[in-house]
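The values are calculated or read from the model by the stated rules, or taken from the named source; none is laboratory data. If you're wondering where the values come from, they're calculated on a predicted model, not measured in any experiment. When we count neighbours, we look across all protein chains shown, and the Cβ atoms used for this are built from the backbone with ideal geometry, even at glycine.
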Amino acid sequence: MLNFTQEQNQLQVQEGQLGIAWTGQAGFALMDSDNIIYHIDPYLSNACSKTIGYHRIIPAPSEAKNTKADFILFTHEHKDHLDPDSVPLISQFNPSSKLVGPSSCIKILRDMNISSTRLIKLDRGEGIQLGNLQLQAVMAIHTNDSIGYVIDLNGIKFYITGDTTYSDDLIGVTDWELDMMMVCINGRLGCMNIPDAARLTAHIQPKYAIPMHFGMFKENTANPKEFIRQVEAYSGIVKGYIMKHGHWYLFDKNDGFIARNDNL
């Protein structure tokens, strides 16, 4: 059985594909055809146990100091998204990486003594090119400046909601035809519940719907299979897909998730 880092090292991403891993909670790692690694909201510690009494029930896919990252993106400042224990180590061991997020996150990153030359502020309505990734920061209804991300990587387009409650305004965050949508489903502390997440996803109609923000804390989780049932029933078009935590997948623009020949 290959571990997270070994899978990453063996992954071969072609044009029109991306490598993708769910690192837990709302965290995803992406790899493009140039082997550039992008992390979104990596939560690799147990920092939340110290502040809110939520204890992780799944192991981190990799230690922070062993996590390769060329770009690290954040949706908002909460500790299960901007991890105060992991981010300084990921930054230290990837000294050329760039860190991206809304104003609240940039302030915290500066307080971590990460050089301002490495920080990129990205607030709602703004866009940027990072490596091969075209990125748009869109509204998320959660904290004062929380965001979601609409991303085009290797021609594959997807929407990561970040933490957000439901609003009809979210239906129009992009006019792209989306290949994937990663959507929060836990229904607590300012996040959509399963019916709302299914309703939003059915409105937007990506090809694949991937539930997130569950399974990290026993105190705050939800049933991803019920989300899949509802979103497929509501939309009649969208395919639900539950990613296995801490494993790399290949996604192809034409073929969707494709089989791999290594030992998962």
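Residues to consider are T221, T201; find the one that is of a type in the set (S, T, N, Q), touching a residue at least 12 places away in the same chain (Cβ under 8 Å) and over 17 Å from L170 (Cα atoms). One residue alone meets the criteria, T221. Of everything in the range 45-74 that is crowded, with 20+ Cβ neighbours inside 10 Å and of a type in the set (A, V, I, L, M), the residue that is nearest to the chain's Cα centre (by Cα) is L73.
Is it the case that the range 148-156 has a residue that's hydroxyl-bearing (S, T, Y), surrounded by 22 or more Cβ atoms within 10 Å (Cβ to Cβ), out of contact with any Leu (no Cβ under 9 Å at 6 or more places or on another chain) and at pLDDT 95 or above?
Step one: list which residues in the range 148-156 are hydroxyl-bearing (S, T, Y), which gives 149.
Keeping just the survivors that are surrounded by 22 or more Cβ atoms within 10 Å (Cβ to Cβ) gives 149.
Restricting the remaining residues to those that are out of contact with any Leu (no Cβ under 9 Å at 6 or more places or on another chain) gives none.
Looking through the range 148-156, none of the residues is hydroxyl-bearing (S, T, Y), surrounded by 22 or more Cβ atoms within 10 Å (Cβ to Cβ), out of contact with any Leu (no Cβ under 9 Å at 6 or more places or on another chain) and at pLDDT 95 or above.
Restricting L82, L30, L99, L109 to residues that are within 21 Å of L122 (Cβ to Cβ), more than 18 Å from the chain's Cα centre (by Cα) and either surrounded by 21 or more Cβ atoms within 10 Å (Cβ to Cβ) or at pLDDT 95 or above (or both) narrows the list to L109. With respect to (1) surrounded by fewer than 16 Cβ atoms within 10 Å (Cβ to Cβ); (2) under 25 Å from L73 (Cα atoms); (3) touching a residue at least 40 places away in the same chain (Cβ under 8 Å); (4) charged (D, E, K, R), the lone exception for K207 is condition (1).
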